[in-house]
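> Take this structure, written in structure tokens, and hold onto it; I'll ask about it next.
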Amino acid sequence: MSRTLEGTVIRGREMEPIAGRVVVEDGRITAVEETDTESTDIVVPAFVNAHTHIGDSIAKEAGGGLSLDELVAPPDGLKHRLLRAASHTELVSAMRRSIQFMQESGTAAFLEFREGGVEGVEQLREAASDVPVDPVVFGRGSVAAMEAGDGYGASGARDADFDRERNATRNAGKLFGIHAGERDPHDIDGALDLDPDFLVHMVHPEEMHLERVADRGTPIVCCPRSNLVTKVGLPPFERLSEVTTLALGTDNVMLNSPSMFREMEFTAKHAELPADEVLRMATVNGADIAGLNCGVIEEGKDACLFVLDGDSHNLTGAREPVRAVVRRAGVSDVKDVVLERPGS
């Protein structure tokens, strides 16, 4: 099957806007061509949401006014109590709705820290089974959960000793991620001692931590909307970007919608980062962490992209396409979503 998308194409890792077309054949981008076009569409690489907890979909906006620990700390934070009380059907149905929203809003994949052990991993697989959005599942709570998923997602170095899980994950050739520096800097060294494949949050790094991150090249996933809701502050985006690669995640569905449009806009308006860098944070940087062949529009990549209506009431007249995508575009501007892979 072949199709062609025309308009302003956000091309390559540089996120360069060109007038042209993208040719898709059998789930792969086979050509990106500069050419004159009358189309006002904007063709954008699909998002990769680099940190989620979508099991929380059963409890949207629960726990207003609670502290971070009261909301999400294992084992008895509000979200964990609600997860234990929910039925299999409730959990799967709620997660499926969130994944469908991701599809509609141009997200190709998400990196999920999944509670509930092996059963939790299986529930997420079931929820995603009929939606063309790829879950990269980080099991939690046991080595068996890691083995059932794509890696292990640790809550934080202050919560437990994760040496066993880290060694098992490494031996399995899978990914290991860990929360660090969310409320204070005191768990960052412990997290880095585990040599993770990526860190989540890093709101409160100190200079010695940044030096360690730079030496290792450890990517960091920022979740600024979540950090604001839980009142822990915002990460030092500019300093973090100087030492490593940054990606974006929407974190708990309990606290925020899994909209990468909202996450980009929020980041762009709270950080002194150029629009093309914010778009990379929302797309190819997350794909790189997970080893996915998407997140960028170039030949050979999976055909994961979406089309914005550049003549919508919201986007018409935009002078800088990338800046408009990052700071202004929303789900209502999405005209088409293409999430195809070879063999799909």
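Just so it is clear, none of the values below were taken in a lab; they were calculated from the coordinates. Quick caveat: nothing in here was measured; it's all calculated off a predicted structure. Using ideal geometry, Cβ is built from the backbone for each residue, glycine included, and neighbour counts are taken over all protein chains shown.
> Per residue, how much space in cubic angstrom lies within the convex hull of the C-alpha atoms of the chain? All intermediate terms of the calculation are to be shown ahead of the outcome.
Values: hull volume 42.7 nm³, N = 344.
In the chain, the Cα convex hull volume per residue is 124 Å³.
> In straight Cα distance, which lysines are under 20 Å from residue 79, not counting same-chain residues fewer than 8 positions off?
Residue 79 reaches 60, 231.
> Loop-only check: which GluC sites (Glu not before Pro) in segment 35-136 are DSSP coil with at most 10 other Cβ within 10 angstrom?
Those satisfying the criteria are 38, 61.
> Let me ask something else. If I model a spin label as a point 7 Å beyond the Cα along the Cα-Cβ vector, how far apart are those points for residue 143 and residue 313 in nm?
Distance between the two pseudo-spin positions: 5.8 nm.
> Something else: Between segment 180-237 and segment 61-103, what is the C-alpha centre distance in whole Å?
Comparing the Cα centres of segment 180-237 and segment 61-103, I get a distance of 23 Å.
> Using only Cα atoms, find the angle between the long axis of helix 260-270 and the longest principal axis of the chain, and express it within 0 to 90 degrees, rounded to the nearest 10.
The angle comes out at about 80 degrees.
> If you line up the long axis of helix 117-128 against the longest principal axis of the chain, both from Cα atoms, how many degrees apart are they, to the nearest 10?
In the chain, helix 117-128 runs at an angle near 20 degrees to the longest axis.
> For Cα pairs less than 8 Å apart in space and 6+ apart in sequence, what is the mean separation divided by the residue count of segment 133-271, i.e. the relative contact order in percent?
Relative contact order for segment 133-271 comes out at 15 percent.
> Here's something else I'd like to know. Counting alpha carbon pairs within less than 8 Å and at least 6 residues apart, what relative contact order, in whole percent, applies to segment 93-215?
That works out to 17 percent.
> Charges only on Cβ, +1 for Lys and Arg, -1 for Asp and Glu: so what's the dipole of the chain about the Cα centre, in debye to the nearest 20?
About 640 debye.
> Lysines within cross-link reach of residue 335: Cα-Cα under 23 Å, excluding same-chain residues under 8 positions apart?
Partners found: 301.
> Over segment 1-91, what is the percentage of antiparallel beta bridges among all DSSP beta bridges, to the nearest 5?
The answer is about 90 percent antiparallel.
> Can you tell me the 0 to 90 degree angle between the C-alpha axis of helix 88-104 and the longest principal axis of the chain, rounded to 10?
Orientation of helix 88-104: about 30 degrees from the principal axis.
> Enumerate cysteines in the chain without a disulfide-compatible partner, where compatibility requires another Cys Cβ under 4.7 angstrom.
222, 223
> Nearest 5 is fine: what % of DSSP beta bridges in the chain come out antiparallel, could you say?
Close to 50 percent.
> Oh, and also: Order these by the 10 Å Cβ neighbour count, fewest first: 52, 89. Numbers along the way, then the final one.
On the way: 52 29, 89 9.
Exposure proxy ranking, most exposed first: 89, 52.
> Provide 97, 81, 114 in ascending order of the number of other Cβ atoms located within 10 Å of each residue's Cβ, fewest first. Spell out each step's value before the answer.
Values: 97 16, 81 12, 114 29.
Going from sparsest to densest Cβ surroundings: 81, 97, 114.
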